[in-house]
Amino acid sequence: MPSEKAKENKNLIATCIACGKPVSTESMVSLRGREDSIAKSFSVCVACANNGWRPPGFAGVYAARPI
Ligand SMILES: [Zn+2]
């Protein structure tokens, strides 16, 4: 019997700002960058992050992780 929790998790879909595809939030990473001098978090899918996509003003370190 599926739990209510599992059903909720299926609905956690966000749009990758790099490729524009809807992605499960579990397959996304948040990268900190800057937009108009304001610190901001950018959510992208792991595939884009692994491909080298970085937000403007990115100053952190991203360690590639398995998709
Ligand atoms: Zn993407």
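Some points to look at:
- Charge context of Ala59, other residues only, Cβ under 15 angstrom, K/R +1, D/E -1: +3
- 5 angstrom amide H check on Val23, placed H, neighbours 5+ away: Ala14, Thr15, Cys16
- Extension gain (nm, one decimal) between Asn50 and Ala14, 0.36 nm per residue minus Cα-Cα: 11.2 nm
- Neighbour-count ranking [beta-carbon atoms within 10 angstrom, fewest first] of Arg32, Arg65: Arg65, Arg32
- Efficiency of FRET from Cβ geometry, Asp36 and Ala59, R₀ 22 Å, rounded to 0.05: 0.90
- Cα shape, the range 4-50, gyration tensor, a/c 1.5 rule: prolate
Only the coordinates and a few stated rules stand behind these numbers; no lab work does. Please read these numbers as outputs of a predicted model, since none were measured by experiment. Quick reminder, even Gly has a Cβ in these numbers, built from the backbone with ideal geometry, and neighbours come from all protein chains shown.
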